[in-house]
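The values are calculated or read from the model by the stated rules, or taken from the named source; none is laboratory data. The structure displayed is predicted, hence computed values, not measured ones. So basically every Cβ, Gly included, is an ideal-geometry build from the backbone, and we count neighbours across all protein chains shown. Heavy atoms of the whole protein, side chains included, go into the accessibility calculation; ligands, DNA and RNA do not. Shrake-Rupley method; radii C 1.70, N 1.55, O 1.52, S 1.80 Å.
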Amino acid sequence: MTETRSAGRRVAVIGTGAIGGAVARRLLAGGHDVVVWNRTASRSAGLVEVGALPAGSVREAASSCALILLTLTDYAAVRQCLAGLDADLSGRTIVGMYTGTADEARRSARRVAALGARYLDAGIQASPEVIGTGAASILYSGSRPAFEEHAVTLGLLGEPRFVGEAPEAAAVWDLALFGLWYDAQLGLLRALDTVRETGVDVAEFSRAAAVQLGHVVTGVPATVSGLVRAAYPAGPADLTEHLTVVRHLIGLRAGRRLGDGGLPEVAVRIETLIKEGRGGEGLTATIG
Ligand SMILES: NC(=O)c1ccc[n+]([C@@H]2O[C@H](COP(=O)([O-])OP(=O)(O)OC[C@H]3O[C@@H](n4cnc5c(N)ncnc54)[C@H](OP(=O)(O)O)[C@@H]3O)[C@@H](O)[C@H]2O)c1
């Protein structure tokens, strides 16, 4: 890392809403000169009172700083602010700190590259109140040299974690984790929805459901190890046995309010693997 101390370096914070305001305050407390711009200028007045330097435009803020943080609502706001930049920004790093999609991250990276700057996309896993504390974790992806150059400064905001050089890696990581939660939680809801109609004691069932969810958690290392080694041992059931259960579940879930959870696509994938002679492998083979 080329940056060994955080004091004295100028950082632009574009967008001083809840996250941007917290970020700017933390950077000021960390000894940085912080240049702020907000679409609604009055909303950054409090930051100026505590030492931030107001800029008249995004362009003015960006041209005077090595690190430019776009703490904005969404990609539409990021695109608008980037459109206001036409200067040669070579040597600078622009960080998109907003919740967005993989495609938006790639588009931001292309626009920033066209300006001659390096891009980092950030996934903020923190609320404004915890920015700058040990409870904040922020994912970054894109230019590794830019991350390394600014890691000390970014570390003031929360635990910085570089997750990949593809610009979209942080956004995908963030969304994939949400997806995991939805899959597990909706799986639980589907199960409760189907059993309660049969007169089953839902509270008793839920204890068995918790044990079943625990099997997924304890199986994570073996699943990932198989994926990394491209080896898919059957475990408790092979694909042929899984297909029977999956087909039963498709029938059980037919016409239900929460749908079938994509099981018909899973069945087609398993059928393809069985036709290829891989019926003795485990479920991880479906993404192998
Ligand atoms: N708050 C959280 O707990 C939290 C947690 C994790 C991630 N995030 C993500 O962090 C990002 C920022 O969230 P936030 O809570 O800071 O939002 P916020 O308080 O609503 O602030 C949004 C900022 O974006 C600016 N903005 C919006 N549209 C703009 C445009 N077209 N041009 C220029 N500036 C524009 C706003 O300026 P004005 O003041 O002029 O409206 C404001 O500075 C979001 O993507 C959010 O999903 C937030």
Reduced Cα scattering model of the chain, Debye log10 I(q)/I(0), q = 0.13, 0.14, 0.16 Å⁻¹:
-0.90, -0.96, -1.11
To check you understand DSSP bridge types, tell me what percent of the beta bridges within region 10-166 (both residues inside) are antiparallel, rounded to 5.
20
With loop defined by DSSP as not H, G, I, E or B, and exposure as at most 10 other Cβ atoms within 10 Å, which is the longest segment of the chain clear of exposed GluC sites (Glu not before Pro)?
1-196
Once phi for every residue in region 68-83 is put through the Karplus expression 6.51 cos²θ - 1.76 cosθ + 1.60 (θ = phi - 60°), the whole-Hz ³J(HN,Hα) values, with Gly and Pro written as x, are 10, 9, 9, 9, 10, 4, 7, 5, 4, 5, 4, 4, 4, 5, 5, 5
Can you list the residues, at least 5 places off or on another chain, whose amide H is less than 5 Å from the amide H of residue 53, using H built in the peptide plane?
34, 35, 36
Beyond 25 Å, how much of the Cα-Cα pair distribution for region 173-287 remains, as a whole percent?
28
Give the residue from 108, 185, 288 lying farthest towards the positive end of the charge dipole for the chain; charges sit on Cβ (+1 for Lys and Arg, -1 for Asp and Glu) and the dipole is referred to the Cα centre.
108
Using the Karplus curve 6.51 cos²θ - 1.76 cosθ + 1.60 with θ = phi - 60°, work out ³J(HN,Hα) for each residue of region 179-184 in order, rounded to whole Hz, and write x for Gly and Pro.
x, 4, 5, 4, 4, 5
Considering only DSSP beta bridges where both residues belong to the chain, give the percentage that are antiparallel (nearest 5).
20
Would you mind giving the three semi-axes, in whole Å and largest first, of the ellipsoid equivalent to region 72-230 according to its Cα gyration tensor?
40, 17, 15
Which of 147, 89, 18 sits closest to the plus end of the dipole of the chain, meaning its Cα is farthest towards the positive end, when Lys and Arg get +1 and Asp and Glu get -1 on the C-beta?
89
Report, to the nearest whole %, how much of the accessible area of region 1-137 belongs to carbon and sulfur atoms, 1.4 Å probe, protein only.
50
Would you calculate the separation in nanometres between label points at residue 114 and residue 197, each defined as 7 Å from the Cα along the Cα-to-beta-carbon direction?
5.3
Taking placed amide H atoms and a strict 5 Å upper bound, the residues 5 or more places from residue 159 or on another chain that come that close are 136, 137, 138
Report the chymotrypsin sites (Phe, Trp or Tyr not before Pro) located in region 1-100 that are in a DSSP loop and have at most 12 other Cβ atoms inside 10 Å of their Cβ, or state none.
none
Once you've got the GNM for the chain with C-alpha springs shorter than 10 Å, pick whichever of 105, 135, 234 has the biggest mean-square fluctuation.
234
Expressed as an acute angle from 0 to 90° and rounded to the nearest 10, what is the orientation of the C-alpha long axis of helix 102-114 relative to the principal long axis of the chain?
30
In terms of modelled amide H atoms, which long-range or inter-chain residues lie less than 5 Å from the amide H of residue 69?
12, 13, 14, 95
What is the extension gain from residue 161 to residue 209, computed as 0.36 nm multiplied by their sequence separation minus the C-alpha to C-alpha distance, in nm to one decimal?
13.9 nm
In whole Hz and in residue order, list the ³J(HN,Hα) couplings for region 239-247 that follow from phi through the Karplus curve 6.51 cos²θ - 1.76 cosθ + 1.60, θ = phi - 60°; x for Gly and Pro.
4, 5, 5, 4, 4, 4, 5, 4, 5
